[in-house]
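Here is the structure we will look at.
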Amino acid sequence: MTSRFVLGILSVLLLQQQTLPPLRVSGNTTTIELSPVLVAANGIYPGPVTVTNGGIPNIMDGTADIATNAETQLLRQSVDDPNLRVIFTVAESFYRIVGKKSAGISKVADLKGKRITVPRNTSAAYFLAKMLATIDQLSGGRLIVGVGGGWMTEEFAALGTSFPARGKVSDESLRLMRETWSQTTVSFSGHYTSFQDMQVSPLPAQPHLPIWVGGVSPRARRRAAELGDGWHATSLTPEAFREGANHLRALWQKNNRTGAPILSLRAPLFIEGVSQDVLTYAPRPGRDLLRGDVPTLTSRLRAYQEAGVQHFVFELSMQSFDSSARTMDTFINKIKPNLNG
């Protein structure tokens, strides 16, 4: 395996071809781990290398020079110790692979033929919740979180995850997010994710971060009624949207929710004589619902308003930048003034 690394001061010393002292690395010795630090230490560093079980604390007590797989430890302890530094590496290599030695995995070759997966108690949902809370803080409380369970089976197959289980994963992820947005110390026990006394910061600027659930299926509306604040449909007729909105309101009451859900719709907007497509997609139902001249589109949008749509997202992805600007300018000046609100 060929790798190229830029490893802070070590690369400088290598260029000077100095005789290097022993390098002490602290990491997890109960597993086999392939990471840039360890590859560089074992394959590039010309001096002797010892790897002992530990992490960032070993740097702080002087028993190690470098720690690997220690990003979380660094975040927790760098505040109290200004001497800690992050050494970034650039590698043509896997970032990290971890396997159990007790399962007979003691070297990289032992991984051949085995499935590599993510440990159960780690969760992309937790890190996504942290990112979204940070965005809400930076934006002054203007974030709306849009979520969807996914529809492309090929994406799930590429990741080796279950397409039928996506609904259960989505529901648990939303519950986890709600927990991490409401308190600074969180414990969560779920089927896919579990952790104890996780410290959370920052919290969102909004006391209640709004979640709009995308989808046109009954299950998407059920998810919106149970865990969300709004429903974001795609390319439905006014009649179908009205039916879905009535279904959502019934589920909303069934779940004893207060207030009312936000009702949102996305559809391509094409104004004849103004808009110009530069891309073509395979025909899909609903893509021509908002295509026509100004009077036709004005009437159509009024029908959507009467069906309950409160928020529109106009898709302009098939138009050029110039066409998109013309389309929106025409909408603002010739269509929007004739709509309700």
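FYI, it's all coordinate maths here, none of it is from the lab. Quick caveat, the model's predicted, so the values are computed rather than measured. Virtual Cβ from ideal backbone geometry, glycine too; neighbours counted across all protein chains shown.
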Give me, ordered by chain and number, the residues 5 or more places off G148 or on other chains with an amide H under 5 Å from its own placed amide H. G214
Applying 1/(1 + (r/R0)^6) with R0 = 25 Å to the Cβ-Cβ distance of A240 and A282, what FRET efficiency is obtained, to the nearest 0.05? 0.75
Most exposed to least, judged by fewest other Cβ atoms within 10 Å, D277, D293 sort to D293, D277
Extension gain S299-I332, at 0.36 nm per residue separation less the Cα-Cα distance, in nm? 10.4 nm
How many nm is it between the label spots at A250 and N340, if each spot is 7 Å from the Cα in line with the beta carbon? 2.3 nm
Once you treat every alpha carbon in region 124-338 as an equal point and sum by Debye, what is log10 I(q)/I(0) at q = 0.07, 0.08, 0.16, 0.19 Å⁻¹? -0.27, -0.35, -1.19, -1.37
Order of 301-313, 192-204 by packing, highest average Cβ count within 10 Å first? 301-313, 192-204
Over region 238-341, calculate the relative contact order: mean separation of alpha carbon pairs under 8 Å at least 6 apart, over the residue count, as a percent. 38 percent
Once phi is turned into θ = phi - 60°, what whole-Hz ³J(HN,Hα) does the Karplus curve with 6.51, -1.76 and 1.60 give for every residue of region 132-144, x standing for Gly and Pro? 5, 5, 5, 4, 5, 5, 5, 8, x, x, 10, 7, 10
Give, in nm to one decimal, the length gained when the segment between S162 and I135 is fully stretched (0.36 nm per residue of separation minus the Cα-Cα distance). 6.8 nm
In which sequence would L128, L251 go, from the one with the fewest C-beta neighbours within 10 Å to the one with the most? L128, L251
Multiplying the sequence separation of M198 and W151 by 0.36 nm and subtracting their Cα-Cα distance, what value in nm do you get? 13.7 nm
Expressed in nanometres to one decimal, the distance between label points 7 Å along Cα→Cβ at E272 and A325 is 2.7 nm
